[in-house]
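Undergrad: Below are the structure tokens for one structure; questions will follow.
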Ligand SMILES: [Zn+2]
Ligand SMILES: [Zn+2]
């Protein structure tokens, strides 16, 4: 049933865009600039193919991985529920009820109106992968954004190299000039957009926040400030540990989208209070 997710216009558009950039970079830009038969040309083609394949693989993992739903047997921890509301909010362990699913929501779980279900550690619903980004596929999403940014910047560098080669002459070839200008604008736009998105998710990961929690934290910090208190995000357990909780304890596996044995059930998360 997961294959149904591929029947979406944004996914088809992403497939077409990936294929187009791959084809132009390898068979047009690298071939024109360095010649694919040369050793430098084939080395660039090989490296670009490697990055593009990892990007494509991460994209498939994002689409096909279930972000994580609430198990039918899930019941909130009674002991934790006994604590006062203020205490519960402070520890991030307050149990809430989803009126649409009629189920208790574990901490960090949110209801997605598009998927029509509750998603564990929900970050956001992404139309480009036709899936929610949540507990089980957040790492793959992070890695996808990383590889997409790298591939985009790589293609831009090849494009710049190709444009500045000495014998490139557009005289009398208007369509070729339009093609080069359009491709340049597209790769600059993509590199800036994806680079910004990557920076944003590096920041969120370093603080152990989801996109939803970031916006919630703005309101909570304002409320705390009004009461003369200092707001601290409950799940922020230190930068390195925050990153390890998302990407894994082994640095060598950080950029492998399927290396997710460190990902637990998503029903509870370590908090800053556990350390104190
Ligand atoms: Zn729900
Ligand atoms: Zn969703």
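Undergrad: What's the percent breakdown of Cα-Cα distances in the range 161-252 across 10 Å bins, shortest bin first?
TA: Answer for the range 161-252: a P(r) of 13, 26, 20, 15, 14, 10, 2 percent.
Undergrad: Normalised radius of gyration for the range 6-85, please: alpha carbon Rg relative to 2.2 N^0.38 Å, two decimal places.
TA: Values: Rg = 22.7 Å, N = 80, 2.2 N^0.38 = 11.6 Å.
Compared with the compact-globule rule of thumb, the range 6-85 sits at 1.95.
Undergrad: Let me ask another. Mind sorting 34, 120 by how few other Cβ atoms lie within 10 Å of their own Cβ, fewest first? Before the final figure, lay out each step's value.
TA: Values: 34 20, 120 26.
Least crowded to most crowded, the residues run 34, 120.
Undergrad: Let me ask another. Given the -39500 (n - 2.57) contribution per DSSP H run of 4+ residues, what per-residue ellipticity at 222 nm results for the chain, rounded to the nearest 500 deg cm²/dmol?
TA: Numbers: 9 runs with 141 residues, N = 276.
Taken over the chain, the calculation gives -17000 deg cm²/dmol.
Undergrad: Here's another thing I want to ask about it. Bin width 10 Å, alpha-carbon pairs only: give the P(r) of the range 38-78 as whole percents, running from 0 to the bin holding the largest distance.
TA: Going from the shortest bin to the longest, the percentages are 23, 24, 19, 16, 10, 7, 2.
Undergrad: If packing is taken as the mean number of other Cβ atoms within 10 Å per residue, what is the order of 172-178, 46-52, 24-30, highest first? Kindly include the intermediate steps, with their values, before the conclusion.
TA: Numbers: 172-178: 10.0, 46-52: 15.6, 24-30: 20.0.
For the peptides 172-178, 46-52, 24-30, the packing ranking is 24-30, 46-52, 172-178.
Undergrad: Here's a follow-up. Taking springs between alpha-carbon atoms closer than 10 angstrom, which of 139, 218, 226 fluctuates most in the Gaussian network model of the chain?
TA: With Cα springs under 10 Å in the chain, the top fluctuation among 139, 218, 226 is at 226.
Undergrad: Only Cα pairs within less than 10 Å get springs; with that Gaussian network setup on the chain, which residue of 188, 251, 14 has the largest fluctuation?
TA: Evaluated over the chain, the most mobile residue of the options is 251.
Undergrad: At q = 0.28 Å⁻¹, what is the log10 ratio I(q)/I(0) for the range 154-198, with the Debye formula run over Cα points and no solvent?
TA: The computed values of log10 I(q)/I(0) come out as -1.03.
Undergrad: For the chain, what's the relative contact order in percent, using C-alpha pairs closer than 8 Å and at least 6 residues apart? If you can, show how the numbers build up before the last one.
TA: On the way: 339 pairs, mean separation 54.6, N = 276.
Relative contact order, the chain: 20 percent.
Undergrad: For the chain, place one equal point scatterer on every Cα, skip the solvent, and apply the Debye formula. What is log10 of I(q)/I(0) at q = 0.09, 0.16 Å⁻¹?
TA: Debye intensities relative to I(0), on a log10 scale: -0.53, -1.23.
Undergrad: Right, another one. So what is the relative contact order for the range 121-276, in percent, with contacts set as C-alpha pairs under 8 Å and at least six apart?
TA: Details: 132 pairs, mean separation 39.6, N = 156.
About 25 percent, as a whole number.
Undergrad: Please order 33, 200, 254 by the number of other Cβ within 10 Å, starting at the fewest.
TA: Numbers: 33 20, 200 13, 254 17.
Ranking 33, 200, 254 by Cβ neighbours within 10 Å, fewest first, gives 200, 254, 33.
Undergrad: Per the Cauchy relation, a quarter of the hull surface: what is the mean projected area of the convex hull of the alpha carbons in the range 206-276, in nm²? Numbers along the way, then the final one.
TA: Working: hull surface 22.8 nm².
For the Cα atoms of the range 206-276, the hull's average projected area reads 5.7 nm².
Undergrad: Under a 10 Å cutoff between Cα atoms, tell me which one of 206, 224, 140 has the largest fluctuation in the Gaussian network model of the chain.
TA: Sorting by GNM fluctuation, first place goes to 224.
Undergrad: To make sure I understand, if each residue's beta carbon is the centre and we count other beta carbons within 10 Å, what order do 236, 99 fall in, fewest to most? Could you put the intermediate results ahead of the total?
TA: Numbers: 236 18, 99 8.
Exposure proxy ranking, most exposed first: 99, 236.
All of the numbers you see were taken from the coordinates with simple rules; none came from a lab. Computed from a predicted model, the values in this text were never measured in an experiment. Glycine also receives a Cβ, built like all others from the backbone with ideal geometry; neighbour counts cover every protein chain displayed.
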